[in-house]
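Student: Let me give you the structure first, and then I'll get to my questions.
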Amino acid sequence: MLAPLLLLWPMSVALTWLVAEDIAARPFDRALGEVARSLGQQISNADVKGGLQLPETIAEMLQADNADTVYFQVVGSRGEYLAGDPQLPQPTVEQSGRAGELKYRDAEVHNDAIRVAYVFVPLPGEAGRSLGLVQVAETLNKRSQLATEIIKGVILPQFVILPVAVLLVWLALARGIAPLAELQERIRRRQSDDLSPIDEREAPEEVAPLVRSINDLLGRLDQSIKAQKHFLADAAHQLKTPLAGLRMQAELAQREIDAGQRDPQELKKSLRQIAHSSQRAAHLVNQLLALARAENQGQSLHRQDVALARLAADAVRDFVPRALEKRIDLGYEGPDQARYFGGTPVRVLGNPLLVKELIRNLVDNAILYTPEGGTVTVRVVHDPFGQVGVVQVEDSGPGIPVTERELVFQPFYRALGTGVDGSGLGLAIVREIAQQHDADISVEDARALPASPVDPAAAHGRGTLITVRFPVAPAAAPPPSADSPNEVHP
């Protein structure tokens, strides 16, 4: 605060000087104007033909004093000099006035600045009464002296007041921010793992809202760290199983070789178990990385116009080999290839990588839980009434009970009784990505499914239908009703 005070002080001096000059000039202007007016009245009543004689009172008023020099001048109606000082400049046309109007102006005589009071008065003449000019001027010494005295009377106290004000402000601020300094020290002495709330009663009243906001942030940060610790503990627990299987099968194969057993079938069995465990561990690690990537990109998600049908068809193609391996009828229903590859029907706002990751996890989860010979269908449709783009993944698996449809979106949760060895992360990734895109997810029982063309005799469960609704892009238009579905069947 000292810097603004030191900056304002010279500005205050300059403004005070201007005000002091104006105040000092007023009484002197008033006295000078009275002399000019009195001189004008005397001249308007005198006979100037035989010469101008000034009364003694006026002559005394025009005598020079100890501080200033006084000048006067009388000019006739035709500009002829009548009396006074001929060197005194006359007013310009713009500075002229009416008869009897007293006016002021600044001028110079003998390189000295002067203040001039002048008035136009009627003069007697042969052709009637005409206007003459009467001017009275003085130098500015008394005015400057008075202005200096005023400045001294105002500025000198400021030399005393300013240091006192700075000292008082310093003491007040030091005392006022002392509790804030104590709060700072308490926060600085905290351990890095101490996320307990700050005591608001010991904080200054002015920063109480800030302390409450920090406490709210600490609370959310504590919950986030606890969730991360829980997630890491679950991830470590889930990774133990495939890694332990890898180690066990490797040790088993090594013992058989050391014992001299050369049975190729036993070795192949161990190798298959090792491959299965490594595949499970790789799948779990990939899903952990996908979930972490989805959570991190949520802070700075860059959305763009995304062709939903293109991403869904690409995801279906990626899983064709796996569907063939399990003899699952994997199909896609949506806008025809030429239309959506040309860039029209169902377009939503989102991140292409994350949206495709969402669809891939839905398809992966459906194939994982659908038995051999089952059916998995991916659909992309446009809802013109809800202004949403819809992705549906329907399978003929065992289905999800109503009581577990919220639980399946939690990390590492797996429904019991399915006999499927999964990681429990697929739907958690789907929910995280959907929340970042303001999308809505619903889980229902599958509709009546047709017999599988791969295995018509295959038995189907009640199945699951998962629907994700994305907000459409602003420029997206509903597709024509003539769109014919395109299906991809392995």
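The values are calculated or read from the model by the stated rules, or taken from the named source; none is laboratory data. None of the values given here were measured: they were computed from a predicted structure. Using ideal geometry, Cβ is built from the backbone for each residue, glycine included, and neighbour counts are taken over all protein chains shown. Surface accessibility is based on the protein's heavy atoms, side chains included, excluding ligands, DNA and RNA. Shrake-Rupley method; radii C 1.70, N 1.55, O 1.52, S 1.80 Å.
Student: Within segment 215-230, identify whether any single residue is over 28 Å from the mean Cα position of the chain (by Cα), at pLDDT below 85, under 22 Å from Phe412 (Cβ atoms) and among the hydrophobic types (A, V, I, L, M, F, W, C), and answer yes or no. Before the answer, list the steps.
Tutor: Applying the first criterion (over 28 Å from the mean Cα position of the chain (by Cα)) to segment 215-230 yields 226-230.
The next check asks that each one be at pLDDT below 85; those that pass are 226-230.
When the remaining residues are screened for being under 22 Å from Phe412 (Cβ atoms), the result is 226-230.
After this cut, where a residue has to be among the hydrophobic types (A, V, I, L, M, F, W, C) as well, the list is 227.
Yes, there is a match, as at least one residue in segment 215-230 is over 28 Å from the mean Cα position of the chain (by Cα), at pLDDT below 85, under 22 Å from Phe412 (Cβ atoms) and among the hydrophobic types (A, V, I, L, M, F, W, C).
Student: Which one of these does Leu289 not meet: (1) open to solvent by less than 80 Å² (accessible area, probe 1.4 Å); (2) at pLDDT below 85; (3) of a type in the set (A, V, I, L, M, F, W, C)?
Tutor: So Leu289 meets the others, but not (1).
Student: Residues in segment 266-277: is at least one modelled with pLDDT of 80 or more and assigned to a helix (DSSP H, G or I)?
Tutor: Narrowing segment 266-277 to residues modelled with pLDDT of 80 or more: none.
No, segment 266-277 contains no residue that is modelled with pLDDT of 80 or more and assigned to a helix (DSSP H, G or I).
Student: Restricting attention to strands (runs of 3 or more DSSP E) lying wholly within segment 75-173, give those where 1 or more residues are closer than 18 Å to Ala25 by Cβ. Write out each step before concluding.
Tutor: Numbers: elements: 81-84, 103-109, 112-123, 130-139.
Fully inside segment 75-173 and qualifying: 103-109, 112-123, 130-139.
Student: Quick one: which residue in Pro345, Pro411 is at pLDDT below 75 and buried (at least 23 other Cβ atoms within 10 Å of the Cβ)? Break it down into steps so the answer makes sense when it comes.
Tutor: On the way: Pro411 fails: buried (at least 23 other Cβ atoms within 10 Å of the Cβ).
Every option except Pro345 fails the conditions.
Student: Right, next: What are the residues in segment 186-201 that are open to solvent by 90 Å² or more (accessible area, probe 1.4 Å), among the charged types (D, E, K, R) and within 14 Å of Arg212 (Cβ to Cβ), if any?
Tutor: Applying the first criterion (open to solvent by 90 Å² or more (accessible area, probe 1.4 Å)) to segment 186-201 yields 188-189, 191-193, 197, 201.
Add one more test, that the residue is among the charged types (D, E, K, R), and what stays is 188-189, 193, 201.
Correct list: Arg201 only.
Student: Is it the case that segment 19-36 has a residue that's acidic (Asp, Glu), surrounded by 10 or more Cβ atoms within 10 Å (Cβ to Cβ), at pLDDT below 80 and farther than 30 Å from Ala172 by Cα?
Tutor: Looking through segment 19-36, none of the residues is acidic (Asp, Glu), surrounded by 10 or more Cβ atoms within 10 Å (Cβ to Cβ), at pLDDT below 80 and farther than 30 Å from Ala172 by Cα.
Yes/no per residue for (1) out of contact with any Gly (no Cβ under 6 Å at 6 or more places or on another chain); (2) among the hydrophobic types (A, V, I, L, M, F, W, C):
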site	(1), (2)
Leu102	no, yes
Asp106	yes, no
Arg115	yes, no
Val134	no, yes
Leu140	yes, yes
Glu149	yes, no
Val154	yes, yes
Ala165	yes, yes
Leu168	yes, yes
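Student: Which count do you get for residues in segment 373-408 that are open to solvent by 40 Å² or more (accessible area, probe 1.4 Å), touching a Gly at 6+ places or on another chain (Cβ under 9 Å) and of a type in the set (S, T, N, Q)?
Tutor: Going through segment 373-408 one residue at a time, the tally reaches 0.
Student: Regarding Ala67, is this residue open to solvent by less than 70 Å² (accessible area, probe 1.4 Å) and under 60 Å from the mean Cα position of the chain (by Cα)? Break it down stepwise before answering.
Tutor: Working: open to solvent by less than 70 Å² (accessible area, probe 1.4 Å): yes; under 60 Å from the mean Cα position of the chain (by Cα): no.
No, not satisfied.
Student: Return yes or no: is Leu123 surrounded by 11 or more Cβ atoms within 10 Å (Cβ to Cβ) and closer than 30 Å to Ser213 by Cβ?
Tutor: For Leu123, the condition - surrounded by 11 or more Cβ atoms within 10 Å (Cβ to Cβ) and closer than 30 Å to Ser213 by Cβ - is not met.
Student: A further question follows. Would you please list the contacts, defined by Cβ atoms under 6 Å and residues six or more apart or on different chains, that run from a residue in segment 95-117 that is without any contact (Cβ under 8 Å) to a residue 60 or more places away in the chain to a residue that is open to solvent by 40 Å² or more (accessible area, probe 1.4 Å) and part of a loop (DSSP other than H, G, I, E, B)?
Tutor: From segment 95-117, the pairs are Arg105/Gln95; Ala107/Pro89; Val109/Gln87; Ala113/Leu140.
Student: So, one more: Can you tell me which residues in segment 358-396 are closer than 19 Å to Val316 by Cβ and at pLDDT below 85?
Tutor: His382
Student: Pick from segment 76-105 the residues that are modelled with pLDDT under 85, surrounded by 15 or more Cβ atoms within 10 Å (Cβ to Cβ) and among the hydrophobic types (A, V, I, L, M, F, W, C): which of them is nearest to Glu138 (Cα to Cα)?
Tutor: Ala83
Student: Exactly one condition in (1) open to solvent by 40 Å² or more (accessible area, probe 1.4 Å); (2) closer than 30 Å to Val13 by Cα; (3) modelled with pLDDT under 85 is not met by Asn111; state its number.
Tutor: Only one criterion in (1) open to solvent by 40 Å² or more (accessible area, probe 1.4 Å); (2) closer than 30 Å to Val13 by Cα; (3) modelled with pLDDT under 85 is unmet by Asn111, namely (3).
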